[in-house]
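Below: one structure, written as structure tokens.
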Amino acid sequence: MAPRTWLLALAAALALLNRGARSATFTIANGCGYTVWPGLLSSAGSAPLPTTGFALAPGESRAVAAPAGWSGRLWGRTLCAADAATGRFACATGECGSGGVQCNGGGAATPATLAEFTLDGSGGLDFFDVSLVDGYNLPMVITPTASSSSSGKCAATGCAAELNAACPAGLRVDAAADGPVACRSACDAFGDAQYCCSGAYGSPAACRPSAYSQFFKAACPRAYSYAYDDATSTFTCAAGTTDYTVTFCPGVPTSVKSTGQNPQAAGLPQQANNGTTMVFFGGNAQPSSAATAAAATNLLVAVAVTTAVALSSQLL
């Protein structure tokens, strides 16, 4: 073999080995106006990530390399601080119970918005989603970046809407000095089998969307809203050629204010009677302005929905 041919073959082999060792890179970005402490948890049997938690100031981002075949989840912790007397670190939302910035194998306490990944899965695909099944604490979007043409349902997904202020009273989590800071799922709040898709409701046929899950689905159509919400909420990209950006609080006007009205979640009107609209991401309409389109990453699109996004008292 000629020297140049041998060198090219060696370079190709090394490239393949390197790709096999690094399945994907997660770039975790904070678009919020406050510090977020990402938490990261590997599934049982998955190789650990190089970190399980850190702080991200507003505007900061950090890359985390994931090994081949990794599966697990990541989330954002908010309102965190170390106790002045004990030094124990704790967070108002997304708390992982480790007592430190690193979660060290601890998962997110509910409610928390979750990004879930299985890399190098069936059919040579990465599987990913944003889940509100365990509730919601802050906006989050996953944007894939493929280095070559990708297969599967390779698209951005997530929940860019700020839902805490609009959360139905029975699900709302309030902090004394900060107001509403998170929104529980109906399963977490009430524990009923019909909301948890357990017992007699433990199948897709038996467990159907509830008024509570539809509150989340109406605002965030691409996110999981209950356990069997697979059809519209699981996304796939080619394994080994796709990296992912996970952004907390994408830079869009997504704050939602509650009016106490019933949103009729499965069919929200596009405009309130007073003409007021709010922009959400994840629907099928096109962005309404160039600024919104730029903030929508490469796929999430805007839909106008009424500001009446809290469930009525009859649902509580």
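The values are calculated or read from the model by the stated rules, or taken from the named source; none is laboratory data. Since we're looking at a predicted model, the values are computed, not measured. When we count neighbours, we look across all protein chains shown, and the Cβ atoms used for this are built from the backbone with ideal geometry, even at glycine. Accessible surface areas use protein heavy atoms only, side chains included; no ligands, DNA or RNA. Shrake-Rupley method; radii C 1.70, N 1.55, O 1.52, S 1.80 Å.
Which ones in region 57-108 are closer than 21 Å to Cys159 by Cα and of a type in the set (D, E, K, R)?
Of everything in region 57-108, those that are closer than 21 Å to Cys159 by Cα and of a type in the set (D, E, K, R) turn out to be Glu60, Arg62, Arg73, Arg77, Glu95.
List every residue pair whose Cβ atoms sit under 6 Å apart, with the two residues 6 or more apart in sequence or on different chains, where the first one lies in region 166-185 and is open to solvent by 10 Å² or more (accessible area, probe 1.4 Å) and the second, anywhere, is hydroxyl-bearing (Ser, Thr, Tyr).
Val181/Thr93
Residues Leu119, Leu171: which one is more than 17 Å from Thr35 (Cα to Cα) and under 17 Å from the mean Cα position of the chain (by Cα)?
Exactly one residue qualifies, and that residue is Leu119.
Within region 81-103, track down each residue that is crowded, with 18+ Cβ neighbours inside 10 Å, within 21 Å of Ser42 (Cβ to Cβ) and over 14 Å from the mean Cα position of the chain (by Cα).
Phe89, Cys91, Glu95, Cys96, Val101, Cys103
Hey, could you check region 127-152 for residues that are in contact with an Asp or Glu (Cβ under 7 Å, 6 or more places away or on another chain) and within 14 Å of Ala24 (Cβ to Cβ) and say which is modelled with the lowest pLDDT?
In this case the residue turns out to be Thr145.
Among the listed residues Gly240, Gly202, Gly267, which satisfies the condition of being out of contact with any Phe, Trp or Tyr (no Cβ under 8 Å at 6 or more places or on another chain) and modelled with pLDDT of 95 or more?
Going through Gly240, Gly202, Gly267 in turn, the sole match is Gly202.
Which residue, of Ser203, Ser233, is surrounded by 19 or more Cβ atoms within 10 Å (Cβ to Cβ), of a type in the set (S, T, N, Q) and part of a loop (DSSP other than H, G, I, E, B)?
One residue alone meets the criteria, Ser233.
Scan region 186-200 residue by residue and report those that are over 22 Å from Val173 (Cα atoms) and either surrounded by fewer than 13 Cβ atoms within 10 Å (Cβ to Cβ) or in contact with a strand residue (DSSP E or B) (Cβ under 7 Å, 6 or more places away or on another chain) (or both).
Answer for region 186-200, where residues must be over 22 Å from Val173 (Cα atoms) and either surrounded by fewer than 13 Cβ atoms within 10 Å (Cβ to Cβ) or in contact with a strand residue (DSSP E or B) (Cβ under 7 Å, 6 or more places away or on another chain) (or both): Gly199, Ala200.
Taking the condition within 17 Å of the chain's Cα centre (by Cα), of a type outside the set (Ser, Thr, Tyr) and farther than 16 Å from Gly251 by Cα, does Pro38 pass?
yes
Tell me, which residue of region 104-133 that is assigned to a loop (DSSP other than H, G, I, E, B) and in contact with a Pro (Cβ under 9 Å, 6 or more places away or on another chain) is surrounded by the most Cβ atoms within 10 Å (Cβ to Cβ)?
Leu132
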